Amino acid sequence: MALTIDALDLLYQSSYDALAIVSSDCDFTPVSLYVREHGVYVIGIGEKKTPEAFKKSCNEFILLKTADSKIDNTLQNKPSQSGSEKRKKIPESIHKLLKEAFETHKKEGWVALSRASSYIKNKQPDFSLKEYYSKFYKLIQYFPEKYKLEKSHTKYQCK
């Protein structure tokens, strides 16, 4: 309760541009939504058990890794061009969001990677690219059956 009161008090004083809520409790969803509607950037930080409603109410959600949590990064045997990364299985929801981003933001048959990345972050705030690939263009690069990457690594198109 105290956090909620403090957050609203500071909001009315226009004292901050961002708010971080460290909790896995969905009780903070209304607070997150309210301050976000008033132009404050909300970062949620919580465990895997955090309800989707709270995750989606944030601009960004950071997953805490606990000693007993295990993230499934199933590796497939396809080496990267650099040799330091392997193709990793990503959630199908990310492929779906990439297709949606393409349909929403395509210009002359291409989409800027930065736009697609922002689209995914807005739709699925708890997705962390770093759990899969070091750079966003590498995610696109490792799925040539789904995407075509422009040589500059700044645009992609869906196949």
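In summary, the aspartates and glutamates within cross-link reach of Lys49, defined as a Cα separation below 18 angstrom excluding same-chain residues under 8 places away, comprise Asp25, Asp27, Glu60, Asp68, Asp72, Asp126, Glu131. Think of each Lys and Arg Cβ as +1 and each Asp and Glu Cβ as -1; about the Cα centre, that makes the dipole of the chain roughly 1260 debye.
Where the centroid of each part is defined by its Cα atoms, how far is segment 129-158 from segment 1-68 in Å? Using only Cα atoms, the two centres lie 30 Å from each other. Remark: relative contact order (the chain) = 16 percent; criterion is Cα-Cα distance under 8 angstrom and separation of 6 or more residues.
Whole-Hz Karplus values for segment 13-20 come out as 8, 6, 8, 8, 9, 9, 9, 10 Hz, taken residue by residue from phi with 6.51 cos²θ - 1.76 cosθ + 1.60 and θ = phi - 60°; glycine and proline positions read x. Given 0.36 nm per residue, what is the gain on full extension from Ser128 to Asp25 after removing their alpha carbon distance, in nm? Taking 0.36 nm per residue and subtracting the Cα distance, the gain is 35.1 nm. Rounded, prolate or oblate: which fits segment 88-131 when a ≥ b ≥ c are the square roots of the eigenvalues of the alpha-carbon gyration tensor, with rounded for a/c under 1.5 and prolate only if a/b beats b/c? Prolate. Here Rg/Rh (Cα atoms, Kirkwood Rh) was computed from the coordinates, and among [x] 1.13; [y] 1.04; [z] 0.95 the match is [y]. For the peptides 8-17, 88-97, the ranking by packing is 88-97, 8-17, with the highest mean count of neighbouring Cβ atoms within 10 Å listed first.
Read the figures in this text as sums done on the coordinates, not as results from a lab. None of the values given here were measured: they were computed from a predicted structure. In this analysis, Cβ positions are derived from the backbone assuming ideal geometry, glycine residues included, and neighbour counts consider all displayed protein chains.
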